[in-house]
Amino acid sequence: VQLQASGGGLVQAGGSLRLSCAASGRSIASYTVGWFRQAPGKEREFVAAITWSGGRLYYADSVKGRFTISRHIAKNTVYLQMNSLKPEDTALYYCAADLQRSLAAHSMEVYDYWGQGTQVTVSS
């Protein structure tokens, strides 16, 4: 499985961005895809995840109500729509694939494959 994250950029506080995670090698309908982020000097943290069936969505408390994870099966792509962005959302955003279908979607350790990051910078 290969993952390609894109869509990052510079945006003012209150603005929106949509990140994309294009997958290849295996259908996203067969594994969980998660989004994580890492700000300078901080540990990588969970943001959101969508399970293989699409039936379960998970969000970090800090993004609930502002971010939405979705997917397009035919395009084999998972999206992260980010609205009402705040300066504290500034980070390198990564997508990852959990092929074992663990229920611990919040945990980095369960993810087998990672894409390269895409930078999101929110100015105040």
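Can you find even one residue in the range 23-37 that is basic (Lys, Arg), surrounded by fewer than 19 Cβ atoms within 10 Å (Cβ to Cβ) and modelled with pLDDT of 95 or more? Before the answer, list the steps.
Kept after step one, since they are basic (Lys, Arg), are these residues of the range 23-37: 26, 37.
Applying the additional criterion that residues be surrounded by fewer than 19 Cβ atoms within 10 Å (Cβ to Cβ) yields 26.
Narrowing the set further to residues that are modelled with pLDDT of 95 or more leaves 26.
Yes - at least one qualifying residue is present in the range 23-37.
For Lys75, state whether it is at pLDDT 95 or above and farther than 15 Å from Ala29 by Cα.
Numbers: at pLDDT 95 or above: yes; farther than 15 Å from Ala29 by Cα: no.
So Lys75 does not fit the description; no.
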(message) If a residue must be open to solvent by 60 Å² or more (accessible area, probe 1.4 Å) and β-branched (Val, Ile, Thr), how many such residues does the range 62-74 contain?
(response) 2
(request) Starting from the range 106-119, keep only residues that are under 15 Å from Ile50 (Cβ atoms) and of a type outside the set (Gly, Ala, Ser), then list their pairs with residues that are at pLDDT 95 or above and open to solvent by less than 90 Å² (accessible area, probe 1.4 Å) whose Cβ atoms are within a distance under 7 Å, requiring at least 6 positions of separation or different chains. (result) His106/Phe46; His106/Tyr58; Val110/Asp98; Tyr111/Gly34; Tyr111/Ala96; Tyr111/Ala97; Tyr111/Asp98
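The values are calculated or read from the model by the stated rules, or taken from the named source; none is laboratory data. Everything quoted here is computed from the prediction, not taken from an experiment. A quick note on method: Cβ atoms are made from the backbone with ideal geometry, for glycine too, and the neighbour counts reach across all protein chains shown. Only protein heavy atoms, including side chains, enter the accessible area calculation; ligands, DNA and RNA are left aside. Shrake-Rupley method; radii C 1.70, N 1.55, O 1.52, S 1.80 Å.
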